[in-house]
Each structure stands twice: as structure tokens, then as C-alpha cells.
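Enquirer: Pasting a structure below so you can have a look.
The values are calculated or read from the model by the stated rules, or taken from the named source; none is laboratory data. All of these numbers come straight from a predicted model, not from anything done at the bench. In this analysis, Cβ positions are derived from the backbone assuming ideal geometry, glycine residues included, and neighbour counts consider all displayed protein chains.
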Amino acid sequence: SSISKGSILGDKTRMENLVKEEMAFIRPSPSGDSLGGVARKTRESIMLCEATGFDVILIETVGVGQSETTVHSMCDFFLLLKLAGAGDELQGIKRGIMEMADAIVINKADGENVKAANTAKLDFRRALHLYPPKESGWTPKVLLSSALYNTGIPEVWELITSFEKNSKENGYFEENRKQQNKFWLLQSINEQLKQSFYQNPEIKVALEEQLQAIFDKKTSPFIAAQQLLEKYSKL
């Protein structure tokens, strides 16, 4: 099952160790003009990894907001990773990302940061109660972890496997994947239509003409758009 995560594997040293494992495969995805490090081919890469036998797929984003929405549409479990004592609590209490999260993990819950982490845990628990129930029937949990001391991570994995078991039993797992496939079908059509439209030589010329007409106040953006679309449909 594909899993969205913050950086649950921890620091660079841990990642360097993991990449040496024969059964693990790590691939950074250059984002290009895609927001938040989610490349256009991430979805296809997930399907390829599943087809070749990988049973756990982790998708990591940089956490800028819109990228999380994209990742949510291609994963089975959405894990939101937060920090305590860094002003991250208030930033995290955002309706969009909080509603998507199936679990929240407060990382770096060690040393002098333990008290702040526990406070953040309570704050996030209260915030989660403000949101409507999930279609999956799952109640999001808040956990603590420390990548430095390798604590709390087994509990996170246990939570993920529990979610998978529950969602497969109540049918949500399969239904969610069906809806994701529908989303990506429509998304692919939209992307290809848009690319075909803007790369068409005749449309490029007509677009510049319509833009100039708008600048000269000879037409409106809405009429110009309609005329461009009509022209494209006849090509």
C-alpha cells in the first residue's frame, strides 16, 4: 500500500543506510515546475513500483500545502509529520491538511523538547475533534516519535497497518482507489488538452492577438477565451 509521510525515516544517515538494503529502492523526483516536489510522473512511478512487487511505497513532500492535496489523491494513508516548539503547531492547524491527515506524528519528541511535544499532541488532538468524520470511518490519531532515538516509530507502523486492515474490511480501501483512478483519468485528460491547446501554432498566434485586443480594451477576457476555444475546436 502506498503511504504518504513527512520524513519518518529520520536523518540523512538513516536514509543512507536504507538505500543499501537490497529490498529497498529510493528515488528523488526532480519537481521541475511542479509545486512541492510532487513530480508529474509520481503517480506513474507508484504504479510501476507496485507492479514490480514493492508492497510499501513512501511519498515525501516538502510540505507547502498544495503538494499535500496532490499526494492525498495518490496514497492510501496520509501521515502528517509536525514539530513542536518551532511555531509549527499553529501552522499545522489548517483545515485542508488537517482534514486529509489519517494520523499526525510529532517528531523530535526527545530531550528538552518532550514537554513541548506532549503539549502539541494535546493541541492537535483537540483540533482533530473539530472536523467531520472521515468517509473511511477512521478516527485520526496523534503520536509522538523521535527519529534520533528511534522511539515511537514501531507504534506509527502499527497504526498504519491497523488503518489498512480496517479500511479493507469496510470496503473503503478499494473504493478510495477507484475514486483516485477516476481523478487521475480526468486529470490526465485535462493536462493533455491544456498542453495540446497551448502548443498549437495557430492558437499561439491567436492567443497573442486576443491578448492585445484585451489590452486595447476591444474585447473582454471571457469573449476572447470563448473565441479561442471555438477556434481550437475547429482545428
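Enquirer: Can you go through Val114, Val105 and tell me which one is β-branched (Val, Ile, Thr) and within 19 Å of the chain's Cα centre (by Cα)?
Expert: On the way: Val114 fails: within 19 Å of the chain's Cα centre (by Cα).
On inspection, the qualifying residue turns out to be Val105.
Every residue, every condition in (1) among the β-branched types (Val, Ile, Thr); (2) within 28 Å of Glu44 (Cβ to Cβ); (3) without any contact (Cβ under 8 Å) to a residue 24 or more places away in the chain, yes or no:
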{"site": "Val142", "(1), (2), (3)": "yes, no, no"}
{"site": "Lys168", "(1), (2), (3)": "no, yes, yes"}
{"site": "Gln180", "(1), (2), (3)": "no, yes, no"}
{"site": "Val205", "(1), (2), (3)": "yes, no, yes"}
{"site": "Gln210", "(1), (2), (3)": "no, no, yes"}
{"site": "Ala224", "(1), (2), (3)": "no, no, yes"}
{"site": "Gln227", "(1), (2), (3)": "no, no, yes"}
{"site": "Glu230", "(1), (2), (3)": "no, no, yes"}
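Enquirer: What helices (runs of 4 or more DSSP H) lie completely within segment 1-102 and have 3 or more residues being modelled with pLDDT under 70? Write out each step before concluding.
Expert: Details: elements: 12-18, 42-51, 66-72, 88-92, 95-100.
The helices (runs of 4 or more DSSP H) meeting that bar are 12-18, 66-72, 88-92.
Enquirer: Could you check segment 99-122 and list, in sequence order, the residues that are charged (D, E, K, R), without any contact (Cβ under 8 Å) to a residue 40 or more places away in the chain and buried (at least 18 other Cβ atoms within 10 Å of the Cβ)? Spell out how you get there, then give the answer.
Expert: Filtering segment 99-122 for residues charged (D, E, K, R) gives 99, 102, 108, 110, 112, 115, 121.
Imposing the further condition that a residue be without any contact (Cβ under 8 Å) to a residue 40 or more places away in the chain reduces the set to 99, 112, 115, 121.
Correct list: Lys121 only.
Enquirer: Taking Thr119 as the residue in question, decide whether it is of a type outside the set (Asp, Glu), in the same structural domain as Ser73 (by TED's automatic domain parsing) and part of a helix (DSSP H, G or I). Before you say what the answer is, go through the steps one by one.
Expert: Values: of a type outside the set (Asp, Glu): yes; in the same structural domain as Ser73 (by TED's automatic domain parsing): yes; part of a helix (DSSP H, G or I): yes.
So Thr119 passes the test.
Enquirer: Looking at (1) at pLDDT below 95; (2) not in a loop (DSSP other than H, G, I, E, B), find the lone condition where Tyr149 falls short.
Expert: (2)
Enquirer: Among the residues in segment 193-209, are any surrounded by fewer than 17 Cβ atoms within 10 Å (Cβ to Cβ), at pLDDT below 95 and closer than 26 Å to Ile97 by Cβ?
Expert: no
Enquirer: Collect the residues in segment 157-175 that are surrounded by fewer than 17 Cβ atoms within 10 Å (Cβ to Cβ) and part of a helix (DSSP H, G or I), keeping them in residue-number order. Before you say what the answer is, go through the steps one by one.
Expert: Quick first cut of segment 157-175, residues surrounded by fewer than 17 Cβ atoms within 10 Å (Cβ to Cβ) only: 157-158, 161-162, 164-166, 168-171, 174-175.
Listed by number, the residues that qualify are Trp157, Glu158, Thr161, Ser162, Glu164, Lys165, Asn166, Lys168, Glu169, Glu174, Glu175.
Enquirer: Of these, Glu155, Glu164, which one is in contact (Cβ under 8 Å) with a residue 60 or more places away in the chain and assigned by TED's automatic domain parsing to the domain that holds Asn113? Even if it seems obvious, please write down each step before you answer.
Expert: Numbers: Glu155 fails: in contact (Cβ under 8 Å) with a residue 60 or more places away in the chain.
None of the other options fit; the residue is Glu164.
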